[in-house]
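The structure appears right after this line, and notes come after that.
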Amino acid sequence: MQLEGKVAIVTGAASGIGKAIAIAMAAAGASVVVDYVGDSTPASSVVQQITTAGGKALAVQADVSNPEQVNQLIQQTVAGFGQLDILVNNAGLEYKHPFTEFPFELWQKVLAVDLTGPFLCAQAAARQMIQQQRGGRIVNISSVHEDLPMVTNAPYCAAKGGLRMLMRTIAVELAPHQITVNNIAPGAIYTPIDADVQANAAMEKQLMAEIPLGRWGKPEEVAGLAIFLASDAAAYCTGGTYFIDGGMIRQAGSL
Ligand code: NAD
């Protein structure tokens, strides 16, 4: 199995893409920490799904924007599974408002979770990986919006654009420790984060017209790419963004 003997943390793993990555990494042989915030029931059910299938998993509550909770997340991972090899910075959220009306508190909230979160988690994970002296993998779930603008979504685009340069910078800085850092940039993946579009047929039709492959992506498809980037097969990949978007970014502006 591609991740046999590895220990992975997936942040925001109680739903959507994070849940699919946690389940797929466990199936690939990794022991997985399912990070979550709020109600513990969905995270417990992810853990149960993994353990029922014969895998190893542990649910840990930690808000990725809180430095103490992030340190606890790393400590509980090492206490539970003895080491840390893979961090998937997946937790994220977005709020849509016209730019001139965007509430300052929501700007701060999006930046805190979508950009400060990956900074805190990557920093704490890298400290642990350096101490272990066996390299490591950091995979950030960014977005096509690390590159493409999206009206009414300024903080999200700013955070994901920031995540692109955070990734590029720390990829160079952590390379001497054989820790690789890469971004996965999904397009439209069918998860709760896009509930507004899924509930509006006209918006969904417009979105599909922007995707050359003409459909939503599946969380499991993102998980397959995350496993590759977290595996030994990707040892020479660092500092890159890997788009998984049905061709969306290539079509932008071409119609
Ligand atoms: P989702 O809403 O199902 O998942 C986001 C998860 O993050 C949730 O489980 C949520 O509880 C968790 N979370 C929120 N704040 C947190 C915090 N402070 N600490 C820890 N966890 C927190 O949506 P998703 O689509 O699965 O999103 C996962 C990632 O993929 C996000 O970073 C998102 O920006 C990115 N993404 C999604 C799409 C898409 O089309 N679905 C496209 C591009 C990028």
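Read-outs: derived from the displayed coordinates by stated rules, not from any lab. The structure presented is a predicted model; accordingly, all values stated were derived computationally and were not measured. Glycine also receives a Cβ, built like all others from the backbone with ideal geometry; neighbour counts cover every protein chain displayed.
Listing for the model above:
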item	result
Residue among 53, 104, 135 farthest towards the positive dipole end of the range 7-251, charges placed on Cβ	135
Normalised alpha carbon radius of gyration of the chain [divisor 2.2 N^0.38 Å]	0.96
In Hz, Karplus ³J(HN,Hα) per residue of the range 106-115 (6.51, -1.76, 1.60; θ = phi - 60°; x = Gly, Pro)	6, 4, 5, 5, 5, 4, 5, 7, 8, 10
Simple Cβ-charge dipole of the range 7-251, Lys/Arg +1 and Asp/Glu -1, about Cα centre, in debye nearest 20	460
Ratio Rg/Rh, restricted to the range 176-240 and using Cα atoms, in which Rh is the Kirkwood radius	1.12
Under the Karplus curve 6.51 cos²θ - 1.76 cosθ + 1.60, θ = phi - 60°, whole-Hz ³J(HN,Hα) for the range 70-77, x wherever Gly or Pro sits	5, 4, 4, 4, 5, 4, 5, 5
Listed peptides 82-88, 103-109, 6-12 by packing density, highest first (mean Cβ within 10 Å)	6-12, 82-88, 103-109
Highest-first arrangement of 44-57, 175-188, where packing means the average Cβ count within 10 Å	175-188, 44-57
Amide H contacts of residue 242 (H built 1.01 Å from N, under 5 Å, at least 5 apart or other chain)	183, 184, 185
Cβ-based charge dipole, the range 135-243, positive-most Cα from 222, 174, 197	174
Tail weight of P(r) past 25 Å, computed on alpha-carbon pairs of the range 124-255, percent	31
0 to 90° range, to nearest 10: angle between helix 41-52 axis and the chain longest Cα axis	50
Peptides 26-39, 189-202 ordered by average Cβ neighbours within 10 Å, highest first	26-39, 189-202
Helix-only CD estimate at 222 nm, as mean residue ellipticity for the chain, using -39500 (n - 2.57) per DSSP H run (n ≥ 4)	-13500 deg cm²/dmol
Cα centroid separation, the range 1-54 to the range 81-96 (Å)	11
